[in-house]
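Asks: Quick one: structure below, then a few questions.
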Protein chains: 2
Amino acid sequence: MSTRGKSLSLDTINPNVRNVEYAVRGGIPAMAAKYEKELEEGQKLPFDSIVFANIGNPQQMPNLAQPPLTFWRQVAALTEYPPLLDAPAESRDALFAPDAQQRARELLDAFGSVGAYTGSKGVPLVRKHVAEFLERRDGYPEDIENIYLTAGASSGILTLFQTFFRSGKDAVLIPIPQYPLYSAALSLYDLMPLHYELSPDKHWEPSMDIVREQIASAREQGRTPRAIVVINPGNPTGACMSEQEIQDVIKEAYREGLVIFADEVYQSNVYQNQCPFLSFRKVLLDFGKSDNETERNISKSVELVSLHSISKGFSGECGRRGGYFELTNVDAEVEGQVNKLVSVSLCPPAQGQIGVDLLVNPPKKGEPSYDLWEKETQDIHDTLERRSENMAKRFSELPGVHIEPAMGALYLFPQLHLSKRAWDEAEKQGKKIDELYCTELLNETGICVVPGSGFEAQPKRLEDGTSHSYFRTTMLAKATDEFIERYVKFHTAFMERYKD
Amino acid sequence: MSTRGKSLSLDTINPNVRNVEYAVRGGIPAMAAKYEKELEEGQKLPFDSIVFANIGNPQQMPNLAQPPLTFWRQVAALTEYPPLLDAPAESRDALFAPDAQQRARELLDAFGSVGAYTGSKGVPLVRKHVAEFLERRDGYPEDIENIYLTAGASSGILTLFQTFFRSGKDAVLIPIPQYPLYSAALSLYDLMPLHYELSPDKHWEPSMDIVREQIASAREQGRTPRAIVVINPGNPTGACMSEQEIQDVIKEAYREGLVIFADEVYQSNVYQNQCPFLSFRKVLLDFGKSDNETERNISKSVELVSLHSISKGFSGECGRRGGYFELTNVDAEVEGQVNKLVSVSLCPPAQGQIGVDLLVNPPKKGEPSYDLWEKETQDIHDTLERRSENMAKRFSELPGVHIEPAMGALYLFPQLHLSKRAWDEAEKQGKKIDELYCTELLNETGICVVPGSGFEAQPKRLEDGTSHSYFRTTMLAKATDEFIERYVKFHTAFMERYKD
């Protein structure tokens, strides 16, 4: 036998994986993690802590923006260790609310043990509760067979893109700016991304003209447009869609034979009243009441996937990995294929499924845990709203920063107007202008945010040599005032340093 | 707008998904689930309960074969609801062992909150404990950067097959019989499966001659053989590999440039002493001590992925979805691609990661929870061993059944010698002989097992018209005696019904 090199190298692995980009956990966050380790090891850096504002992780320490909801965690603990339910009543009742005990018993009845595999779609009782939630929310009943519990919305998207679309053939419309899961999934499965730009000066409204242009261009290139992704409330934009905007997307999907993916994981994160959250499912099914025959056809034929998650909203329970998707108007045989594919991964995590139950079926008025649950969720809502407003206000006062207040979601997406000199410096370093800005922000302050280009909002050079670009920051950083002070100091220095 | 049909149909989705087969959750288990529902609804069937012996799900009710380990569940509950750690000492200590409290505090320090995303590879403290476990087990240290926590072994396999191999180009050797995850993953990613048959009359030993034949045949067809999958202890065979067998596979992988996937999820499920579990990692690294230069090269160059899981062994914690894989000799840039890909799914479930910590770092002698943990794991071991022996003995007394006692894992894989008439009847019904047998078994007794063909152990017709085929049953059914009585009665009637 002779010597042998590696069988695996960048040249011999799946080229689609090589092509995947995922900025929210990309280069800048990796550098931030490195700095954090150095700080722990006692190294001296220009800052004494890292602020991870790159990812919507509401329970991340030390900036815990959203303490866990008590009712959730009581139920979770009881399902993990059922002997607690058999402890003497006085010690049990001192530790756990009676309705948490009751819920845990119901869930244990349905799960058997949280250590057992469930059905691949998830436990029927939880899916029944999801169906009831959808009926309360939208006014239309739902068949539990159309509901799949998942290990978070990302896992649902990956499963469905993989099942529905053909590598090398199909194309999918995604909003720009977008959440990078979508571009990553399209690269991974060798599907063509069709970018439809949202208008920053029209509250990030999608334009159906651009959608149609993109569809035509894909067809010219021999690709079949199959689906349109919509994120509402928007990530990273924070925009909420109006009923008219949703109707327009649905009609376009009807005309062009597109499946709609409605990413609605921020449906509870809404900070204004003019444009409340409205689900695609409701708007689609409402067409069924129309006098117009075409609209009634729309309601019965447009295929919709809507996704929700326990990672955002008031729960912010990212670590347990839970969510669901529901399928409207999807062919039964295709649904069978989805079912088969999810069975290969056996089942979603039990505590993620339990989380979905708690999400869609929270304590009701009059139940023992209601008042505390109400107070905790209200506090979280108020905190996020206040932080978001506070940050937007302070940012907007800075020269070279334009910012729209977030209508929803967990992010701010400020636009930067930076100098010619800054652009030249970025070019010299082989970076994009937003990467230069975010890298210097991290290096000087320890604040970790994601450049707009990570969301495909590419920097644009203007005629006078200056530029427009973006970055996304979460509104979760606990020490908001200190965070803002650090940021303001950096930005002021950056503008001074690269003054034209 | 005119009317519009469905955009999604079997003809327009990913053809690779259509090609996936997954028998352990396939047609017969689906029928069993239907019967279970009918029984719940009060329908009369020839049996009053379903025995799910199709899948290794040790905590499944009502046949709970493996009660959860107390230490595990105490730690899990405390991490879910940390205020329990602040309860008055007397009530806290009445409910939770002091070392469980201590472990929960350490884990909470490391995780922050179980509701927060962790790093995509999993929490560093848990990966450190995995590295220490591997060093204790194999005698060689491990870098935590080579360790990835996963949502179970299946999720690790899917991630790595997707990253390492090129659709339409590469080929992967899998044992026959195999666990259907492997054939499903290969179909899904359009990779060519190369079957190497294990010899039932030689304790399911792999033959390197067949491996070489398969490699040659793949190359002739223009495919590149890239990897070999080994399941040890075997699923569905229950066989344990000897050091010699493992060395042979490693040498072959060296010669042919194959990555080894060592699926070692049953490493604690071993029921005999002649052939104890030996890891591929140990055998590979042991080559480094050889006087032979080639063997030392082998040790430094053969790429190995080894996988473990919390779903099997003494924990049997399938529902929380946890496991890990470790990479030996894998190129750093390729590892970077794996890291990027897993980041798209954000992170493995927190309670799955905590499970891995408990798996690799159980209570030690002298610690408060040790005696109970020792007793519970010993009971589980004894129960499984006894059930396995008992079932094998009773099965082997039946006419037309040949069975090897399981050396390890959770399954028995009896060989059936069935009549010409039974084959003809199967053919008439458009079924394989093992499907006919397993379908009638379910219909008459409520016992759900998986036909051998689901593991690619295809029925063989013999010259006299009779046939050899297989089925897999778990050894987990609680009412073992009743299970066996039902089965014996069925088998006897089946043999009589189809007598030649």
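The values are calculated or read from the model by the stated rules, or taken from the named source; none is laboratory data. Quick caveat, the model's predicted, so the values are computed rather than measured. With ideal geometry, Cβ positions are generated from the backbone for all residues, glycine too; neighbour counts draw on all protein chains shown. Surface areas here come from the heavy atoms of the whole protein model, side chains and all, with no ligands, DNA or RNA. Shrake-Rupley method; radii C 1.70, N 1.55, O 1.52, S 1.80 Å.
Asks: Only one residue in B:A94, B:A153, B:A104 is open to solvent by less than 10 Å² (accessible area, probe 1.4 Å) and within 12 Å of chain A (Cβ to nearest Cβ), so which one is that?
Replies: The unique qualifying residue is B:A104.
Asks: For the condition open to solvent by 10 Å² or more (accessible area, probe 1.4 Å), basic (K, R) and within 14 Å of chain B (Cβ to nearest Cβ), what is the one hit in A:K393, A:K364, A:K340, A:K420?
Replies: Details: A:K393 fails: within 14 Å of chain B (Cβ to nearest Cβ); A:K364 fails: within 14 Å of chain B (Cβ to nearest Cβ); A:K420 fails: within 14 Å of chain B (Cβ to nearest Cβ).
Testing whether each residue is open to solvent by 10 Å² or more (accessible area, probe 1.4 Å), basic (K, R) and within 14 Å of chain B (Cβ to nearest Cβ) leaves just A:K340.
Asks: Let me ask you something else. Could you tell me whether any residue of segment B:118-126 is surrounded by fewer than 23 Cβ atoms within 10 Å (Cβ to Cβ) and assigned to a helix (DSSP H, G or I)?
Replies: yes
Asks: Scan segment A:402-409 and give yes if some residue there is part of a helix (DSSP H, G or I), of a type in the set (A, V, I, L, M, F, W, C) and at pLDDT below 95, otherwise no.
Replies: No, because not a single residue in segment A:402-409 is part of a helix (DSSP H, G or I), of a type in the set (A, V, I, L, M, F, W, C) and at pLDDT below 95.
Asks: Also: Just the residues that are surrounded by fewer than 22 Cβ atoms within 10 Å (Cβ to Cβ) and either away from chain A (no Cβ under 14 Å) or among the basic types (K, R) (or both), please, taken from segment B:246-263.
Replies: Answer for segment B:246-263, where residues must be surrounded by fewer than 22 Cβ atoms within 10 Å (Cβ to Cβ) and either away from chain A (no Cβ under 14 Å) or among the basic types (K, R) (or both): B:K251, B:R255.
Asks: Pick out the one residue from A:P206, A:P225 that is within 11 Å of chain B (Cβ to nearest Cβ) and in contact with a strand residue (DSSP E or B) (Cβ under 7 Å, 6 or more places away or on another chain). It would help to see each step written out before you state the result.
Replies: Numbers: A:P206 fails: within 11 Å of chain B (Cβ to nearest Cβ).
After ruling out the rest, the residue left standing is A:P225.
Asks: So, in segment B:1-54, of the ones that are within 7 Å of another protein chain (Cβ to nearest Cβ) and within 17 Å of B:S453 (Cβ to Cβ), which residue ends up most open to solvent (accessible area, probe 1.4 Å)?
Replies: B:R25
Asks: Could you tell me which numbered condition A:I13 fails, if it satisfies all but one of (1) under 30 Å from A:P363 (Cβ atoms); (2) out of contact with any Leu (no Cβ under 9 Å at 6 or more places or on another chain)?
Replies: (1)
Asks: When you go through (1) of a type in the set (S, T, N, Q); (2) more than 9 Å from chain A (Cβ to nearest Cβ); (3) surrounded by 24 or more Cβ atoms within 10 Å (Cβ to Cβ) one by one for B:S279, which number turns out not to apply?
Replies: Looking at each condition in turn, B:S279 falls short on (3).
Asks: Looking only at segment A:282-298, decide whether some residue is closer than 23 Å to A:I215 by Cβ, out of contact with any His (no Cβ under 9 Å at 6 or more places or on another chain) and touching a residue at least 60 places away in the same chain (Cβ under 8 Å).
Replies: no
Asks: Would you confirm whether any residue within segment B:131-140 is at pLDDT below 95, among the hydroxyl-bearing types (S, T, Y) and open to solvent by 10 Å² or more (accessible area, probe 1.4 Å)?
Replies: no
Asks: Within segment A:121-137, restricting attention to residues that are in contact (Cβ under 8 Å) with a residue 24 or more places away in the chain and more than 17 Å from A:L307 (Cα to Cα), which residue is nearest to the chain's Cα centre (by Cα)?
Replies: Selected residue: A:V123.
Asks: Quickly run through segment A:73-91 and pick out the residues that are assigned to a helix (DSSP H, G or I), at the interface with chain B (Cβ under 10 Å from one of its Cβ atoms) and open to solvent by less than 20 Å² (accessible area, probe 1.4 Å).
Replies: A:R73, A:Q74, A:V75, A:A76, A:A77, A:L78, A:T79, A:E80, A:L84
Asks: Restricting to segment A:468-500, name every residue that is in contact (Cβ under 8 Å) with a residue 60 or more places away in the chain and outside any helix (DSSP H, G or I).
Replies: Correct list: A:Y470, A:R472, A:T473, A:T474, A:M475, A:L476, A:A477, A:K478, A:A479, A:Y498, A:K499, A:D500.
Asks: For segment B:138-166, enumerate the residues that are among the polar types (S, T, N, Q) and in contact (Cβ under 8 Å) with a residue 40 or more places away in the chain.
Replies: B:N146, B:T150, B:S155, B:T159, B:Q162, B:T163
Asks: Which members of segment B:318-332 meet the condition of being within 20 Å of B:L134 (Cβ to Cβ) and either buried (at least 24 other Cβ atoms within 10 Å of the Cβ) or more than 9 Å from chain A (Cβ to nearest Cβ) (or both)?
Replies: Listed by number, the residues that qualify are B:G322, B:G323, B:Y324, B:F325, B:E326, B:L327, B:T328, B:A332.
Asks: Ok, one more. Is it true that A:A457 is free of Cβ contacts under 8 Å to residues at least 24 places away in the same chain and either over 23 Å from the mean Cα position of the chain (by Cα) or under 24 Å from A:E21 (Cα atoms) (or both)?
Replies: no
Asks: Name the pairs whose Cβ atoms lie under 7 Å apart, with the first residue in segment B:55-82 and of a type in the set (D, E), the second in a helix (DSSP H, G or I) and open to solvent by less than 20 Å² (accessible area, probe 1.4 Å), and 6 or more positions between them or separate chains?
Replies: Here the result reads B:E80/A:R73; B:E80/A:A76; B:E80/A:A77; B:E80/A:E80, each pair linking segment B:55-82 to a residue that is in a helix (DSSP H, G or I) and open to solvent by less than 20 Å² (accessible area, probe 1.4 Å).
Asks: For segment A:296-309, how many residues meet the condition of being surrounded by 19 or more Cβ atoms within 10 Å (Cβ to Cβ) and at the interface with chain B (Cβ under 9 Å from one of its Cβ atoms)? Step through it out loud before you land on a result.
Replies: Initially, segment A:296-309 is screened for residues surrounded by 19 or more Cβ atoms within 10 Å (Cβ to Cβ), giving A:298-299, A:302-309.
Filter once more, keeping what is at the interface with chain B (Cβ under 9 Å from one of its Cβ atoms): A:298, A:302-303.
Selection size over segment A:296-309: 3.
Asks: Same structure again: So which residues in segment A:396-440 are within 25 Å of the chain's Cα centre (by Cα), within 21 Å of A:D464 (Cα to Cα) and of a type in the set (S, T, N, Q), if there are any at all?
Replies: A:Q415, the sole residue that qualifies.
Asks: Find the residue count for segment A:343-361, including only residues that are within 12 Å of chain B (Cβ to nearest Cβ), closer than 23 Å to A:F164 by Cβ and either touching a helix residue (DSSP H, G or I) at 6+ places or on another chain (Cβ under 7 Å) or of a type in the set (V, I, T) (or both).
Replies: Here the count works out to 4.
Asks: Could you check how many residues of segment B:106-117 are in a helix (DSSP H, G or I) and without any contact (Cβ under 8 Å) to a residue 24 or more places away in the chain? Explain how you work it out, then say what you get.
Replies: Step one: list which residues in segment B:106-117 are in a helix (DSSP H, G or I), which gives B:106-111.
Next cut, without any contact (Cβ under 8 Å) to a residue 24 or more places away in the chain only: B:106, B:109-110.
Within segment B:106-117, residues that are in a helix (DSSP H, G or I) and without any contact (Cβ under 8 Å) to a residue 24 or more places away in the chain number 3.
Asks: Taking segment B:183-236, which residues are free of Cβ contacts under 8 Å to residues at least 12 places away in the same chain and of a type in the set (S, T, N, Q)?
Replies: Scanning segment B:183-236 gives B:S199, B:S207.
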